[in-house]
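Undergrad: A single structure is presented below for examination.
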């Protein structure tokens, strides 16, 4: 920990010291920006916690000594057998602070040796391909059902997942705070600038300015405050949800998480990284409304069709139309035309095909 700032080092030392006493904790490692060396003062710290007798990964946010820390728990079984590619980057970046039985060190050594191999890269890419296909399918279905806002939103997310495929191919880290920079670097390296440019256009990030980023941040804070109020008022409904959904809602609406996210976005804006800030804002908002919609569906005892997420929220927020308007304003989903959204969906389909090697990225798309 000697390379870390003193406040971060001391905070992590306290956490590691306490967690080592937990008999279910088998390993602890630092990953993310503080491990890679590209962290800023506003960056949170990410700790990978190898935990016994859990079935799936989950994250908890805490504040220690003024430092925002994410505790990323993963099942011990994940590093004792076949390591899932979803945690490759975390293991590759990990600085190990505690390793009871050398399982974490062995897993890190394994992944370090194969991280850039074509076979392992293909495994990581496969996950992003699946995610991009899911969001594109939602976009196409939403367009068919007449939900233009959901179609536009999911088209943008599908493109973002496609950019992650490029980042894996170019061996660039995937990071919330440096997503635009890393995606652009990957696109240039792979001569796929058109995909990156299409994404900026679809997500309306190519015109990111300081004042607009500040306005969007203020809207985000209003939205998260409103959602958090509903979350806090309906703890019983949350406890009845699927364990993974419950943990996700508790994480994203944890005041410590929201405070840290706002602090990070303010730092990006202050550093004139307006596109990064806008991406961070929209990405967080998209995740938050997905989690919030799960809770609202539970409250109303209704099935949630993710395909028509925005239509669902419009109906759920009838008593608070301003809240829904803030969401669509923040995500730039107002005043959409069916023809334009349809062209966007077609363009996304073509770009997803190209990224699988079926075409030239820099050729003008046929839409």
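Undergrad: What FRET efficiency do you get for residue 323 and residue 23 if R0 is 35 Å and r is their Cβ-Cβ distance, rounded to the nearest 0.05?
TA: Between residue 323 and residue 23 the formula returns 0.20.
Undergrad: Taking square-rooted eigenvalues a ≥ b ≥ c of the alpha carbon gyration tensor, is the stretch 141-219 rounded, prolate or oblate, where a/c under 1.5 means rounded and, failing that, a/b exceeding b/c means prolate?
TA: The shape class here is oblate.
Undergrad: Could you work out how far helix 274-299 tilts from the main Cα principal axis of the chain, as a 0 to 90 degree angle to the nearest 10?
TA: Long axis of 274-299 versus the principal axis of the chain: about 90 degrees.
Undergrad: Shape verdict for the stretch 248-367, please, from the Cα gyration tensor: rounded (a/c under 1.5), prolate (a/b greater than b/c) or oblate.
TA: Oblate, because a/c is 1.5 or more while a/b does not exceed b/c.
Undergrad: Further, regarding this structure: Could you rank the peptides 153-161, 45-53 by their average count of other C-beta atoms within 10 Å per residue, with the highest value first?
TA: Order by mean packing, descending: 153-161, 45-53.
Undergrad: Points 7 angstrom from Cα along the Cβ direction at residue 266 and residue 52: gap in nanometres?
TA: About 4.3 nm separates the two model spin labels.
Undergrad: Let me ask something else about it. So, in Å, what gap is there between the alpha-carbon centers of the stretch 126-197 and the stretch 200-222?
TA: 18
Undergrad: Where in the stretch 26-60 does the label zone of residue 3 land, with the point 7 angstrom along Cα→C-beta and an amide N cut-off under 13 Å?
TA: 30-39
Undergrad: Which whole-number percent is the relative contact order of the stretch 6-114 (Cα, under 8 Å, 6+ apart)?
TA: Averaging sequence separation for qualifying contacts and normalising by length gives 30 percent for the stretch 6-114.
Undergrad: Continuing with the same structure: Using Cα pairs closer than 8 Å and at least 6 residues apart in sequence, work out the relative contact order for the chain, in percent.
TA: In percent, rounded to a whole number, it is 17.
Undergrad: Right, something else. Give the distance, in whole Å, between the Cα centre of the stretch 3-69 and the Cα centre of the stretch 236-302.
TA: Centre-to-centre (Cα) distance: 20 Å.
Undergrad: Can you tell me the 0 to 90 degree angle between the C-alpha axis of helix 255-270 and the longest principal axis of the chain, rounded to 10?
TA: 70
Undergrad: Note the angle between two axes, namely the Cα long axis of helix 148-169 and the longest principal axis of the Cα atoms of the chain, as a number of degrees from 0 to 90, rounded to the nearest 10.
TA: In the chain, helix 148-169 runs at an angle near 40 degrees to the longest axis.
Undergrad: If each residue's Cβ is checked for other Cβ atoms within 10 Å, how do 42, 116 rank with the fewest at the top? Write out the running numbers ahead of the final one.
TA: Details: 42 18, 116 10.
Result, fewest neighbours first: 116, 42.
Undergrad: Which length gain, in nm to one decimal place, applies between residue 340 and residue 225 when the Cα-Cα distance is subtracted from 0.36 nm times their residue separation?
TA: 38.2 nm
Undergrad: Residues of the stretch 11-49 with the amide nitrogen closer than 12 Å to a label point 7 Å from the Cα of residue 100, along Cα-to-Cβ, please.
TA: In the stretch 11-49, the label zone of residue 100 (backbone N under 12 Å from the point 7 Å along Cα→Cβ) covers 19-28.
Undergrad: A further question on this structure: Report Rg/Rh for the chain, rounded to two decimals, where Rg is the Cα radius of gyration and Rh the Kirkwood radius. Please report the intermediate quantities before stating the final value.
TA: On the way: Rg = 20.7 Å, Rh = 21.7 Å.
My calculation of the ratio gives 0.96.
Undergrad: Counting only C-alpha contacts under 8 Å and six or more residues apart, can you give the relative contact order of the stretch 210-330 as a whole percent?
TA: 34
Undergrad: Can you tell me how the stretch 80-215 classifies by the Cα gyration tensor, rounded, prolate or oblate, using a/c under 1.5 as the rounded cut?
TA: prolate
Computed from the coordinates by the stated procedures, all read-outs in this text should not be read as laboratory data. Quantities reported herein were computed from a predicted structural model and do not represent experimental measurements. As a convention, Cβ positions derive from the backbone with ideal geometry for all residues, glycine included, and neighbour counts pool all protein chains shown.
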